[in-house]
Amino acid sequence: MNIHEYQAKQVLKGFGAPVAEGVAVTSVDQVEAAAKSLPGPLYVVKSQIHAGGRGKGKFKELPAEAKGGVRLAFSVEEAVSHAREMLGNTLVTAQTGDAGKQVNRLYIEDGADIDRELYLSLLVDRAYGRIAFVVSTEGGMDIETVAHDTPEKIQNIVIDPNAGVTDADVAAISAAYGLTGAAAEDAKSLFPALYKAFVEKDMDMLEVNPLIVMKDGHLRVLDAKVSFDGNALFRHDDIKALRDETEEDAKEIEASKWDLAYVSLDGNIGCMVNGAGLAMATMDIIKLYGKEPANFCDVGGGAGKEKVAAAFKIITADPNVQGILVNIFGGIMKCDVIAEGVVAAVKEVGLKVPLVVRLEGTNAELGKKILNESGLAITAADDLDDAAQKIVAAVG
């Protein structure tokens, strides 16, 4: 689950991280009072959407030369003017795709005197099975560009979970940044605090870009992007309350109600698979034969008839879907259950696009029998390669 920048900063502030004062607003009428409540005289007007690259983004409704989704204002009046242009318009960034995202809220934040911009993130390093600090002196940049062009400027400091962030870890991170004086002192409390927040709130990722050294020598979290492990949200009612469903795909919201692993994509072939690895292989082979998957959908290993039917309905609700591939390998899950779920869903919502089904494993023959005797226009496949070729040919 993702949250907005202003929400992330409030979470981190609760763990002692230094952040600027700011006020979230949802209408232009609120901007003047929000700005006047801050020290000023410099204000930052920030679009709040679940995507990075806001500062370099472009608004669809504004001229190409218009400023991006993060703007400086040197007066209250200028902050109001920026807000009037930004609220309600569609911001397109490198992470939103061409469709962009509508800006429904802004964060009016007090400005900062910046001396240096640094990059910091925490994530699980799969190679070590531990949380790592990813640090770079190239803050404010797209970290992907830094990784590609100058990978030597990125360092990973892996944390021992039994010890937590030690003095040696803090020293290593500070050395990577070249911190001295007040910034080095701030680091002694900031880095352990960020690690504590990551662990206690079950975060997937915590990114601070940039982490700044101000002209007075102190550190400040200038931007924050946080995502949480959805499987752990039952432990965090306070985090669940931060969810903004207007930022999420309606199909993904519906999928979450059924505990389906679903991600909407830009292609035209809908996929329903059991198992993340098999789902990835299914999407890959669709691309191999020249088409694009419309979604990632893993119904899981123990799905019942109702869950399968729900997944099918979500896939068919996507207007971009021109064909559907169901690819099931029955281990824990039984192929006849899958078949019953597909038949029930098709009878309820209808079938307006080609449907190819590949079943293997437990009760596969029974599942195929159910499909064959359903009277529905379902094409059976012998294996994954055969299934991919058939759905691509059917879509044309």
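Data overview
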read-out	value
Pairs where the first residue, in the range 303-332, is in the same structural domain as Gly277 (by TED's automatic domain parsing) and the second is part of a loop (DSSP other than H, G, I, E, B) and hydroxyl-bearing (Ser, Thr, Tyr), C-beta under 6 Å, 6+ apart	Gly330/Thr362
Which numbered condition Tyr119 fails, given (1) of a type outside the set (A, V, I, L, M, F, W, C); (2) buried (at least 17 other Cβ atoms within 10 Å of the Cβ); (3) in the same structural domain as Leu62 (by TED's automatic domain parsing); (4) touching a residue at least 40 places away in the same chain (Cβ under 8 Å)	(3)
Any hit, the range 253-260, residues being under 29 Å from Val321 (Cα atoms), crowded, with 18+ Cβ neighbours inside 10 Å and of a type in the set (A, V, I, L, M)	yes
So Gln389, is it within 24 Å of Ile253 (Cα to Cα) and modelled with pLDDT of 85 or more	no
Residue ranges of strands (runs of 3 or more DSSP E) in the range 304-396 with at least 3 members crowded, with 17+ Cβ neighbours inside 10 Å	323-330, 355-361
Residue count for the range 288-303, restricted to those that are at pLDDT 85 or above and outside any strand (DSSP E or B)	7
Close pairs from the range 1-15: first touching a residue at least 12 places away in the same chain (Cβ under 8 Å) and more than 20 Å from Phe234 (Cα to Cα), partner hydroxyl-bearing (Ser, Thr, Tyr) and crowded, with 20+ Cβ neighbours inside 10 Å, Cβ under 7 Å, at least 6 apart	Glu5/Tyr107; Tyr6/Tyr107
Which numbered condition Ala73 fails, given (1) among the aliphatic types (A, V, I, L, M); (2) more than 24 Å from Gly217 (Cα to Cα); (3) not assigned by TED's automatic domain parsing to the domain that holds Phe228	(2)
Residues located in the range 210-232, provided they are touching a helix residue (DSSP H, G or I) at 6+ places or on another chain (Cβ under 7 Å) and either outside the structural domain of Ser189 (by TED's automatic domain parsing) or buried (at least 21 other Cβ atoms within 10 Å of the Cβ) (or both)	Val213, Leu219, Val221, Asp223, Ala224, Val226, Phe228
Hits in the range 122-141 - residues which are without any contact (Cβ under 8 Å) to a residue 60 or more places away in the chain, within 22 Å of Val19 (Cβ to Cβ) and among the small types (Gly, Ala, Ser)	Ser136
All positions within the range 76-103 that are of a type in the set (Gly, Ala, Ser), touching a Ser or Thr at 6+ places or on another chain (Cβ under 9 Å) and touching a residue at least 24 places away in the same chain (Cβ under 8 Å)	Ala83, Gly100
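Condition check ((1) in the same structural domain as Asp216 (by TED's automatic domain parsing); (2) buried (at least 19 other Cβ atoms within 10 Å of the Cβ); (3) among the small types (Gly, Ala, Ser)) across all residues:
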{"position": "Ala127", "(1), (2), (3)": "yes, no, yes"}
{"position": "Ile131", "(1), (2), (3)": "yes, yes, no"}
{"position": "Thr137", "(1), (2), (3)": "yes, no, no"}
{"position": "Ile159", "(1), (2), (3)": "yes, yes, no"}
{"position": "Ala182", "(1), (2), (3)": "yes, no, yes"}
{"position": "Leu190", "(1), (2), (3)": "yes, yes, no"}
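The values are calculated or read from the model by the stated rules, or taken from the named source; none is laboratory data. Note that this is a predicted model, so its numbers are computed, not measured. We place every Cβ from the backbone using ideal geometry, glycine too, and count neighbours over all the protein chains shown.
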